[in-house]
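Data block below; observations after.
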Amino acid sequence: VQLQASGGGLVQAGGSLRLSCAASRRTISNNGMGWFRQAPGEERDLVAAISWSGGSTYYADSVKDRFTISRDNAKNTVYLQMNSLKPEDTALYYCAACRYSGYSKYTSAYDYWGQGTQVTVSS
């Protein structure tokens, strides 16, 4: 499966962005999906994840109540709505497909990765 992340950009603190992750070559409807982010000099961390059906989600404490992950299996696409953005949200954001139908908090459980989309939040 090939994943294409898009929707990043430059936004002021307090603003919003919506990231999209479009899959091609095969369906991701049976895969849990995750959004990760990596700032310069830091590790890649899980931000949000969603099960294959969308019935179960996970959020890192730092983004709870501000970010929402969703998916449209008919469109083979996963989204990350980011509201009330903060400068500390600045990072390269990646989407990834989990080898399980649920999701995992562990990077090693994700087999396919998108190329990343840059999110920059100015203060």
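Starting from the 7 Å offset along Cα-to-Cβ, what nm value, one decimal, do you get for the label separation of T68 and Q38?
With each label point 7 Å from Cα toward Cβ, the separation is 3.0 nm.
What translational D, rounded to a whole number of µm²/s, comes out for the range 1-83 from Stokes-Einstein when the hydrodynamic radius is the Kirkwood one over Cα pairs, at 37 °C and 0.692 mPa s?
Values: Rh = 13.4 Å.
Stokes-Einstein gives a translational diffusion coefficient of 245 µm²/s.
Can you give me the % of accessible surface on the chain that is carbon or sulfur? Probe 1.4 Å, all protein chains present, nothing else counted. Before the final figure, lay out the partial values.
On the way: 2750 of 6170 Å².
Reported share for carbon and sulfur atoms: 45 percent.
With a 1.4 Å probe and all protein chains left in place, how much accessible area per residue does the chain have, in Å²? Numbers along the way, then the final one.
Numbers: 6170 Å² over 123 residues.
Heavy-atom accessible area per residue stands at 50 Å².
Step by step: find N for the range 40-87, compute 2.2 N^0.38 Å, then divide the Cα radius of gyration by it. What's the final number?
Details: Rg = 12.0 Å, N = 48, 2.2 N^0.38 = 9.6 Å.
Against the compact-globule rule of thumb, the ratio is 1.26.
Which net charge results when you count Lys and Arg as +1 and Asp and Glu as -1 among the other residues whose beta-carbon is under 15 Å from that of S16? Kindly include the intermediate steps, with their values, before the conclusion.
Working: positive: R18, R66, K86; negative: D65, D89.
Within the 15 Å Cβ shell, the charges total +1.
Mind checking which lysines have their C-alpha under 25 Å from K86, skipping anything on the same chain fewer than 8 residues away?
K64, K105
Which order do R71, R26 take by accessible area at a 1.4 Å probe, largest first?
Values: R71 40, R26 100 Å².
Listed by decreasing accessible area, they come as R26, R71.
Once the other residues with Cβ under 14 Å from the Cβ of A97 are scored (Lys, Arg +1; Asp, Glu -1), what is the net sum?
Details: positive: R25, R26, R71, R99; negative: D111.
Charge balance in the 14 Å sphere: +3.
Counting alpha carbon pairs within less than 8 Å and at least 6 residues apart, what relative contact order, in whole percent, applies to the chain?
Details: 327 pairs, mean separation 44.6, N = 123.
36 percent.
Starting from the Cα gyration tensor of the range 47-123, take the square roots of the eigenvalues, sort them a ≥ b ≥ c, and report rounded, prolate or oblate (rounded when a/c is under 1.5, otherwise prolate if a/b is larger than b/c, else oblate).
Details: a/c = 1.74, a/b = 1.56, b/c = 1.12.
Taking the square roots of the gyration eigenvalues as a ≥ b ≥ c, the range 47-123 is prolate.
Compute the signed sum of charges (Lys and Arg +1, Asp and Glu -1) over the other residues within less than 14 Å, Cβ to Cβ, of Q2.
Numbers: positive: R25, R26; negative: D111.
Around Q2, the charge tally is +1.
The values are calculated or read from the model by the stated rules, or taken from the named source; none is laboratory data. Note that the coordinates shown come from a computational prediction; the quantities given were computed from them, not determined experimentally. Ideal geometry is used to build each Cβ from the backbone, glycine not excepted, and the neighbour counts take in all protein chains shown. Each accessible area value is taken on the protein alone, full model and side chains, heavy atoms only, with ligands, DNA and RNA left out. Shrake-Rupley method; radii C 1.70, N 1.55, O 1.52, S 1.80 Å.
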